[in-house]
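A.B. asks: Structure below; questions to follow.
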Amino acid sequence: MRRAELPSRLRELEQAGLMRRRRRVEGPQSPHLRVDGATVLAFCSNDYLGLAGHPELAAAARRALDDFGVGAGASAHISGHTSLHEELERRLARAVRLPRALHFSTGYMANLGVLPALAGPGDVIFSDRLNHASLIDAARLSRSEVVVYPHRDVEAVDRQMAQQLNRSKLIVTDAVFSMDGDLAPLPQLLELCERHDAWLIVDDAHGFGVLGENGAGSLSHWGLSSERIVYIGTLGKAAGVFGAFVAGDDDAIEWLVQRARTYMFTTATPPVLAAALLAALQLIETEPWRRQRLTALVERVRAGLSGLRWQLAPSDTAIQPLIIGDNSEAMSLMDSLRQDGILVPAIRPPTVPPGTARLRISLSAAHRDQDVDRLLDWLRSAAQSGRMPKPSA
């Protein structure tokens, strides 16, 4: 793109209603956020267990400041890998019941590091149609052939893999899909990998900390274990902090240490974040009431929104998509909710397929029953009347 084209291209985004605008948040994360000078009830955060503003995480970070300072100073291969990072990787591996873990700066960087390290020209990657953008970009970056299969369609993957003889193969999938909240059929995908001699790359951004025994994630939820699995977890959602990790057997993780460019060629994350994450892992393991609370809120939402003229997508996770269909109606609902002090994002194409614009309701263990009921009452009123409820006084 030429520099002179930028103004017209920006106007095109504006006219198409596709301009993204950042909101200014004041204070810690909470269901009750101070946004652009007003307090709102928020159903837009991935802080599923309510840990982002937890005082024990902040206290752990403050203690680490005295011992380690702020920055890591260099990449992990030079001098940035501290004893806190080492302990965090041990604890992460133990949390997900895998032999070894490697800490990355972000989930995006983890995915961009893993796929090009394990696949390259001549290999083939099988990618779910609804995978996250980071997996899509990582597959492209690998320069492998990419075969996109219909969402959760195991039979289609089986047929496609059978056609790829004598090639290194990888199946790549989200574990919990971020816009639909549904689960990948991991047991069936792993069976295909065993049969076709392939890797299974699982991005559990929205499952780690929430699903499975003690929040161990989607592998624990399904009872899966295999040397073929490379597991990717995100630490800025249920864990409430920042970063990501990759876990698997010793050889797979050692290969990533040696060849994952997004790990090798970036400054290590600040040690204070590792300290906060260690505190978060302790709370995830010892406070099961947070997951139980989240499950109860999911059931409350699904019961409260059943029978509306809008369809609630089939999801048992903290992500509850209310399919509106029409783009303008979804935006109108979002704007009217915002005027009444409730923040729920409207998601439109191309992020989701055409005709499936939706309100993406994200729940947290920190939400109160009355918080959820306020949202449910508003949506039921709007659905029944066909008009947006008047803002509360």
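A short reminder: the numbers here are calculations on the coordinates, not readings from a lab. Source: prediction; values computed, not measured. Note that we place each Cβ from the backbone using ideal geometry, even for glycine, and neighbour counts take in every protein chain shown.
A.B. asks: Residues R167, R63, R91: which one is under 19 Å from V246 (Cβ atoms) and among the basic types (K, R)?
C.D. replies: R91
A.B. asks: Among D47, D36, which is the only one that is of a type in the set (D, E) and surrounded by 21 or more Cβ atoms within 10 Å (Cβ to Cβ)?
C.D. replies: One residue alone meets the criteria, D47.
A.B. asks: Another question, then. State whether the residues of the stretch 209-216 include one that is closer than 18 Å to Y48 by Cα, assigned to a helix (DSSP H, G or I) and of a type in the set (D, E, K, R).
C.D. replies: Within the stretch 209-216, one or more residues are closer than 18 Å to Y48 by Cα, assigned to a helix (DSSP H, G or I) and of a type in the set (D, E, K, R).
A.B. asks: So which of L256, L170, L186, L211 is buried (at least 18 other Cβ atoms within 10 Å of the Cβ) and over 28 Å from P121 (Cα atoms)?
C.D. replies: Exactly one of L256, L170, L186, L211 is buried (at least 18 other Cβ atoms within 10 Å of the Cβ) and over 28 Å from P121 (Cα atoms), namely L211.
A.B. asks: What number of residues within the stretch 78-107 satisfy the criterion of being within 13 Å of T266 (Cα to Cα) and either without any contact (Cβ under 8 Å) to a residue 60 or more places away in the chain or in a strand (DSSP E or B) (or both)?
C.D. replies: Matching residues across the stretch 78-107 total 4.
A.B. asks: Name the residues in the stretch 30-50 that are touching a residue at least 40 places away in the same chain (Cβ under 8 Å) and part of a loop (DSSP other than H, G, I, E, B), would you?
C.D. replies: Residues satisfying the conditions are S30, P31, F43, C44, S45, N46, D47, Y48, L49, G50.
A.B. asks: Could you check the stretch 251-270 and list, in sequence order, the residues that are in a loop (DSSP other than H, G, I, E, B) and out of contact with any strand residue (DSSP E or B) (no Cβ under 8 Å at 6 or more places or on another chain)?
C.D. replies: P270
A.B. asks: Let me ask you something else. Checking L337 against (1) surrounded by 22 or more Cβ atoms within 10 Å (Cβ to Cβ); (2) within 19 Å of the chain's Cα centre (by Cα); (3) part of a helix (DSSP H, G or I), which test does it fail?
C.D. replies: (2)
A.B. asks: Is it true that L308 is closer than 30 Å to E89 by Cα and touching a helix residue (DSSP H, G or I) at 6+ places or on another chain (Cβ under 8 Å)?
C.D. replies: no
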